[in-house]
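Remarks on the structure that follows.
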Amino acid sequence: MEEMNSQEKPLIRALGGHAEKRPPFWYMRQAGRYLPEYRSLREKAPNFLTFCYTPDLAVEATLQPLRRFRMDAAILFSDILVIPDALGQAVSFREGEGPVLEPIREPRELARLNGGRVLDHLEPVCATVRGVSRALPDGVALIGFAGAPWTVATYMVEGRSGADFALVKRWSEDDPEGFGRLIDLLVEATGDYLLAQIEAGAEAIQMFDSWAGVLSPQGFERWVIEPTSRLVSRIKQRFPQTPVIGFPRGAGKLYERYVLNTGVDAVGLDSDVPVDFAAKVLQAHVAVQGNLNPALLTKGEREMEDAATRILSCLSKGPFVFNLGHGITPATPPEHVARLSELVRNWRGP
Ligand code: CP3
């Protein structure tokens, strides 16, 4: 049997602006600790980054959720913090605590970073992309990803998650030139990395800007829209056919500016974005993706099903990819994910 080419796959068609009768679906953080088979695979590596840099393990982690739920897309198994690691910043993941980085807080500390070694360091991630690409079920698309520069910078400056962003906000406001050098470095490294993922077989790209929502409108323009649009142009120059999904989580009213000014093909909606606004305002310009509240997936039952049905009814008349508004949480019962996937797969219109 001949393999389906990328442009015919439901995910790629939807991201390209087609309204599919049955919308394609996948879930942010679809691989991970809520799956027992992930937890046992994870024990084979001494720490999380080594796990990400071992292609056999990362390929398997990428494919695990597809076997259970038959999504329309696989997302590369890796993490957004492999970029600071590749730049030479010390990054570690501690059980129950999340990531810890040796923080960079002033321009002179940027000398610790080396953009020249990024592709060598991340070669194992590209090997994972090639491995998944060979093993992909027919019709399923492979999504590559990276953190957007602003979000990655928040971790690099604060040194951990769960901080209040006081340090990164202060640096970006008081010394935009110095902070801009960090952002420029990230635009460059992230661009190299995303192009390498596409060369290795990624068929679409998602940029996670998980902390876009903490910026003022001016900060959003300068640190979210501007770097994202530079990255999108660089990708489009080389690979005009590869769709780019932007996910400016928490952007609220600024979602519209993001869609109009970054050049993304599709936008990921967090759970706070009203679907009627998304249908009327955003879907006129780009494909939309989202946005079931992951807490409802953890709960399951009628509430989950009713919310998913509302989203499908409202957004599936235009170009749409069903997803969550943020990642699956570790407490989610896999049976709920199975039930939701059935519901989306059987959707044939309201
Ligand atoms: O299935 C997938 O979606 C692919 C893999 C993936 C991971 N992280 C694996 C992971 C993806 C796409 C990410 C993105 C990511 N990582 C984001 C953006 C999306 C979001 O959630 O906002 C962010 C902010 C990170 C940074 C990060 N990585 C944090 C804050 C943590 C700790 C919190 C947590 O969930 O544990 C991680 C660790 C991480 N990344 C795990 C996984 C499966 C858990 C670690 C483990 O399994 O030991």
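The values are calculated or read from the model by the stated rules, or taken from the named source; none is laboratory data. None of these values were measured; they are calculated from a predicted model. So basically every Cβ, Gly included, is an ideal-geometry build from the backbone, and we count neighbours across all protein chains shown. Note: accessible area is taken over every heavy atom of the protein model, side chains too, but ligands, DNA and RNA are not part of it. Shrake-Rupley method; radii C 1.70, N 1.55, O 1.52, S 1.80 Å.
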### Query
How many nm is it between the label spots at ALA135 and LEU110, if each spot is 7 Å from the Cα in line with the beta carbon?
4.0 nm
#### Entry: PHE93/ASP175 FRET efficiency (R0 35 Å; Cβ-Cβ; nearest 0.05)
0.75
### Message
Please report, in whole Å³, the volume per residue of the convex hull around the C-alpha atoms of region 6-345.
### Response
119 Å³
### Query
Which angle between 0 and 90 degrees, to the nearest 10, do you get for helix 149-158 versus the longest principal axis of the chain when only C-alpha atoms count?
50 degrees
## Note on the structure
For region 4-106, using Cα atoms only, the Rg and Dmax in Å read 16.7, 51
#### Entry: Extension gain, ASN47 back to ASN261 (0.36 nm per residue minus Cα-Cα distance, nm)
73.1 nm
### Query
Where the accessible area of the chain is counted over protein heavy atoms with a 1.4 Å probe, how much of it, in %, is carbon and sulfur?
48 percent
### Task
Calculate the dipole size of region 132-270 relative to its Cα centre from +1 charges on Lys and Arg beta carbons and -1 charges on Asp and Glu beta carbons; express the result in debye to the nearest 20.
120 debye
### Summary
Looking only at lysines whose Cα falls under 24 Å of LYS21's and that sit 8 or more positions away or on another chain, we get LYS9, LYS280, LYS317
### Query
Pick from GLU95, GLU221, GLU177: which residue has the top mean-square fluctuation in a GNM of the chain where Cα pairs under 10 Å get a spring?
GLU95
#### Entry: DSSP beta bridges in region 6-345 [antiparallel fraction, %, rounded to 5]
15 percent
### Calculated [θ] (222 nm, deg cm²/dmol) that DSSP helices of n ≥ 4 give over the chain, each run adding -39,500 (n - 2.57)
-13000 deg cm²/dmol
### Relative contact order, percent, the chain [alpha-carbon distance under 8 Å, six or more residues apart]
22 percent
### Message
In Å², and per residue, what accessible area does the chain have when probed at 1.4 Å with the other protein chains present?
### Response
42 Å²
### Message
Can you compute the label reach from GLU3? Point 7 Å from Cα along the Cβ direction, backbone N cut-off under 14 Å, restricted to region 183-201.
### Response
199-201
